[in-house]
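Asker: Can you keep this structure in mind? I'll have questions shortly.
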Amino acid sequence: MKDEPLLRVTSLSKSYGPRVGCQDVSFELWPGEVLAVVGESGSGKTTLLNCVSTRLLPSSGTVSYRMRDEVWRDLYRMNEAERRFLMRTDWGFVHQNPADGLRMTVSAGANVGERLMAVGDRHYGRIRETAIDWLERVEIAEDRVDDQPRAFSGGMRQRLQIARNLVTSPRLIFMDEPTGGLDVSVQARLLDLLRGLVSELGLAAIVVTHDLAVARLLSHRIMVMKDGAVVETGLTDRVLDDPRQPYTQLLVSSILQV
Amino acid sequence: MATPLVVSEVGKSFTMHLRGSVRLGVVENVSFSLRAGECAVLGGPSGAGKSSIVKMLYGNYAVDTGQIIVAHHGELVDLAKADPRVVIAIRRDTIGYVSQFLRTIPRVAAVDVVAEPLVSRGIDREKAEARAREMLSRLNLPERLWELPPATFSGGEQQRVNIARGFITDHPILLLDEPTASLDAANRKVVVEMIAEKKAGGVALLGIFHDHDVRDAVADRVIDVTEFAPGEAAA
């Protein structure tokens with residue numbers, strides 16, 4: 001593996017008319033590194049995630065990515081077809097609401113298999129086998145492979161969405177509040193699964209969350225956002241155990257002890 | 001061989017922004033070094049900043065001033081200013097840490113908690129788990145607990161999982177923050193033996209021990225933390 005970052009974000013800004021979405025954000029993400037972006041609602045973390053993942057056109061700044069052939073590409077200079085291909089092969093995007101990332105009216109197996117077909121696999125038997133294998137890895141029983149996600153619980157849907165994203169062996173995953181809206185017991189299971197998969201597959205990930213416990217469990221590095229700007233960044237346990245900025249201290253001190 | 005750890009003129013304070021930006025000085029001018037094969041002990045009353053020093057050496061607390069030079073993969077790295085990626089690599093390969101409390105993770109079994117530092121270094125999971133079982137057995141953790149997540153364990157049981165996890169690797173530097181606080185005499189003795197083995201293996205250890213018997217048994221010298229008390233300027 002080359003000792004180089006995978007993703008480089010430089011002076012990224014997005015405004016919605018006079019309102020600031022995110023402002024002058026720069027960072028690098030390395031292979032295998034998990035970055036958590038935290039902050040309260042409206043802090044700009046989802047705007048940032050969408051701009052970096054090419055789902056939302058930034059007002060200024062650049063996002064470059066090291067492709068599998070080691071060539072750096074500026075994502076906003078790629079054409080739409082190239083970007084789409086990147087998103088369904090080398091990237092994954094896990095939405096807070098699984099219905100946004102799944103096709104609810106096709107079977108679980110087809111949801112996973114579809115991503116494989118998108119990268120050119122045409123062998124039905126092999127696709128099904130890989131799909132079943134992935135469902136197992138996210139702890140969905142084989143006898144549910146032909147069921148539609150409509151019939152799944154929230155936690156199962158989220159695990160299915162993760163399988164759908166990981167089946168093409170992406171190098172980078174974006175996650176927007178991956179445990180939002182789930183019961184705590186379901187959350188714990190999902191986090192444990194994500195933690196295992198990320199380290200086993202050496203995935204790089206950007207996780208947007210308002211939950212500092214999720215950030216602590218999943219991420220190596222943390223970026224705290226407020227009013228669209230990054231106010232503090234550093235090693236996750238350093239930022240959480242010794243927060244330096246007033247806003248980070250406020251966030252950390254607002255956690256309820258159980 | 002380079003000195004494993006050299007701390008020079010390290011200072012630390014906390015600024016409490018939510019309390020009228022009160023600045024609390026913790027330590028100033030912390031300077032000492034650790035040799036391979038010795039166990040130095042931080043001495044001084046509670047609140048003198050012993051744990052804060054250990055946490056800075058592990059990258060867990062930010063450092064305001066000074067340097068923490070670590071011999072990492074044959075190079076000298078200033079941990080006080082290192083990038084998070086470098087701190088993570090130093091923790092994986094060079095500096096181990098046994099904290100006072102175990103941070104439990106839901107659903108992860110004790111044996112996996114202990115094996116994890118080896119697995120993260122690319123050691124085969126089965127081998128790592130076998131080593132983890134040896135460590136847990138040596139620390140007398142009942143075998144029926146090995147496959148359970150430690151969240152419901154007693155303080156002493158969690159402490160032993162923590163010690164097993166910290167001692168399983170061959171890190172050249174090991175930081176110990178009251179590793180024996182909630183252990184009975186038999187297990188304290190095991191830890192004292194384990195520390196002696198680390199010393200014989202050339203590991204540089206820095207510890208905090210409130211237990212005098214343990215401290216007397218392992219310490220080669222005591223570093224008096226009250227010498228690093230912040231001056232009037234910090235108030």
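The values are calculated or read from the model by the stated rules, or taken from the named source; none is laboratory data. Bear in mind that the values here come from a model prediction, so they are computed numbers and not experimental data. Reconstructed Cβ throughout: ideal geometry from the backbone, glycine too, with neighbour counts over all protein chains shown. Surface areas here come from the heavy atoms of the whole protein model, side chains and all, with no ligands, DNA or RNA. Shrake-Rupley method; radii C 1.70, N 1.55, O 1.52, S 1.80 Å.
Asker: Using only Cα atoms, what Kirkwood radius does chain A have, in angstroms?
Answerer: 18.9 Å
Asker: While we're looking at this one, here's another question. Using only Cα positions of the stretch A:118-258, each an equal point scatterer, no hydration layer, compute I(q)/I(0) via Debye at q = 0.14, 0.17, 0.20, 0.21 Å⁻¹ and quote the log10 values to two decimals.
Answerer: With no solvent term, the Cα-only Debye profile gives -0.75, -0.99, -1.24, -1.33.
Asker: Using only the Cα atoms of chain B, what semi-axes does the equivalent ellipsoid have when each is the square root of 5 times a gyration tensor eigenvalue? Give whole Å, largest first.
Answerer: That gives 30, 19, 19 Å for the three semi-axes.
Asker: Related question: Want the number for B:SER13 to B:THR104: 0.36 nm per residue separation, take away the alpha-carbon distance, what's left?
Answerer: 29.9 nm
Asker: Need one number: nm distance between label points at B:LYS127 and B:ASP216, each 7 Å from Cα along Cα→Cβ, rounded to one decimal.
Answerer: Inter-label distance under the simple model: 4.2 nm.
Asker: How high is the FRET efficiency from A:MET67 to B:ASP184, r the C-beta distance, R0 60 Å, rounded to 0.05?
Answerer: 0.55
Asker: I would also like to ask the following. Please report the buried accessible area for the interface of A with B, total over both chains, probe 1.4 Å, in Å² to the nearest 100.
Answerer: 1900 Å²
Asker: State, as an integer percentage, the relative contact order of the stretch B:1-99 based on alpha-carbon contacts under 8 Å between residues 6 or more apart.
Answerer: 28 percent
Asker: Which lysines have a Cα lying under 23 Å from the Cα of B:LYS198, excluding residues fewer than 8 positions away in the same chain?
Answerer: Of all the lysines, those that pass the test against B:LYS198 - Cα under 23 Å, at least 8 places apart if same chain - are B:LYS50, B:LYS55, B:LYS127, B:LYS189.
Asker: Could you tell me how many cubic angstrom of Cα convex hull volume the stretch B:1-65 has per residue?
Answerer: That works out to 93 Å³ per residue.
Asker: What aspartates and glutamates could a cross-link reach from B:LYS81, if we take a straight Cα to Cα line under 13 Å and drop same-chain neighbours fewer than 8 places away?
Answerer: Once the sequence-local aspartates and glutamates are set aside, what remains near B:LYS81 is B:ASP64.
Asker: A further question on this structure: Picking from B:PRO172, B:PRO106, B:PRO149, which is most flexible by a Gaussian network model of chain B using Cα springs under 10 Å?
Answerer: Result: B:PRO106 has the largest fluctuation of those listed.
Asker: Right, another one. Give me D for the protein assembly as shown in µm² s⁻¹, whole number, from Stokes-Einstein with Rh from the Kirkwood sum over alpha-carbon pairs, 37 °C and 0.692 mPa s.
Answerer: The calculation lands on 134 µm²/s.
Asker: For every helix of n ≥ 4 consecutive DSSP H residues, a contribution of -39,500 (n - 2.57) applies; sum these over chain A, divide by its total residues, and give [θ] at 222 nm rounded to the nearest 500 deg cm²/dmol.
Answerer: The helix-only estimate for chain A comes to -11000 deg cm²/dmol at 222 nm.
Asker: Looking at chain B as a GNM with Cα springs under 10 Å, which of B:THR180, B:THR65, B:THR15 has the largest mean-square fluctuation?
Answerer: Most flexible of the set in this elastic network: B:THR15.
Asker: Mind checking which of A:GLU114, A:GLU82, A:GLU232 has the largest fluctuation in a GNM of chain A, springs on alpha carbons under 10 Å?
Answerer: Most flexible of the set in this elastic network: A:GLU82.
Asker: If all Cα-Cα distances of the stretch A:15-112 are sorted into 10 Å bins from 0 onward, what percent lands in each bin, rounded to whole numbers?
Answerer: 12, 40, 35, 13, 1
Asker: For chain B, what is the mean residue ellipticity at 222 nm derived from helices alone (per DSSP H run of n ≥ 4: -39500 (n - 2.57); sum divided by total residues; nearest 500 deg cm²/dmol)?
Answerer: -10000 deg cm²/dmol
Asker: So what's the stretch A:86-189 giving for Rg/Rh, alpha carbon basis, Kirkwood Rh from the mean inverse pair distance?
Answerer: 0.94
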